[in-house]
Amino acid sequence: MAMYWETDKDENTPYVVPDDVVDLVYHIRCRSLPLDHAHSLSTAIRERLPWMDEEELAGIHLIHGAESGNGWIRPEDASHEVLHLSRRARMSLRLPRHRIGDAAALGGQELDIDGHRLAIGESHVKLFSTLPTQFARYLVIPDGIDRDDEESFLAWVAERLQQLDIRPRKMLCGKAHAIHHPQGELRTRSLMLADLEVEEAVRLQQQGIGEHKKMGCGLFIPHKGIRAVHEMTADKQAG
């Protein structure tokens, strides 16, 4: 299980995407879900896979449909919104390699997500992307930082990246929004990083940033590019 990628640093030295952490992608049958389904989905999956709480690098991606802006733009109030899913919708878990077999056992089971039926089918392993632009739909804003203080938030992100030996070059905040949690709402922001080196992009996906990865927060996925987001944001403001 490996993928080769030629880096700009040395075209004669191939980069092998590691498979020690991967995404396990499931086919699902589900007509609709609450848009804010982070806590209910997390609870349902962790009841079936209780070992997830012991795995620091494990995460649960939230399920998305054909949202505006590929997840960059989100309704202001998602508490009562319903997400209608197509047959192409998938559910993904981020897992260390040694848990792939355990998690594959979810296939054939059904979950009740706040009254919505989610049937889980077969799964396949997906290696991390080497694209230089990576995107987190939800990044928990730490205590002590105001939700509207983008400068302080980006400074905090830069510190976390340095701890991962990742040099931030371009960072862009999305809107702040809240995710329901029984102990109090999670304040989050979308975040995009661009111009990453291949190794940095993979490391970011492996490690993530911040808390509540089991609720879809702090998990990075590849994105088509930061320029497209600038154009989309400008179009929205003009409209």
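The values are calculated or read from the model by the stated rules, or taken from the named source; none is laboratory data. Remember, predicted model here, so these are calculated numbers, not experimental data. Please note: Cβ atoms are built from the backbone with ideal geometry, for glycine as well, and neighbour counts cover all protein chains shown.
Worth a mention:
- Enumeration of residues in region 90-113 that are outside any helix (DSSP H, G or I) and modelled with pLDDT under 95: Ala105
Yes/no matrix, rows are residues, columns are (1) within 27 Å of Val16 (Cα to Cα); (2) at pLDDT 95 or above; (3) in a strand (DSSP E or B); (4) assigned by TED's automatic domain parsing to the domain that holds Glu56:
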position	(1), (2), (3), (4)
Glu122	yes, yes, yes, yes
Asp148	no, no, no, no
Ala155	no, yes, no, no
Pro168	yes, no, no, no
Lys175	no, no, yes, no
His181	no, no, no, no
Glu200	yes, yes, no, no
Leu204	yes, yes, no, no
Ile209	yes, yes, no, no
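- Filter result for Leu41 (surrounded by 14 or more Cβ atoms within 10 Å (Cβ to Cβ), modelled with pLDDT of 95 or more and over 19 Å from Lys126 (Cα atoms)): yes
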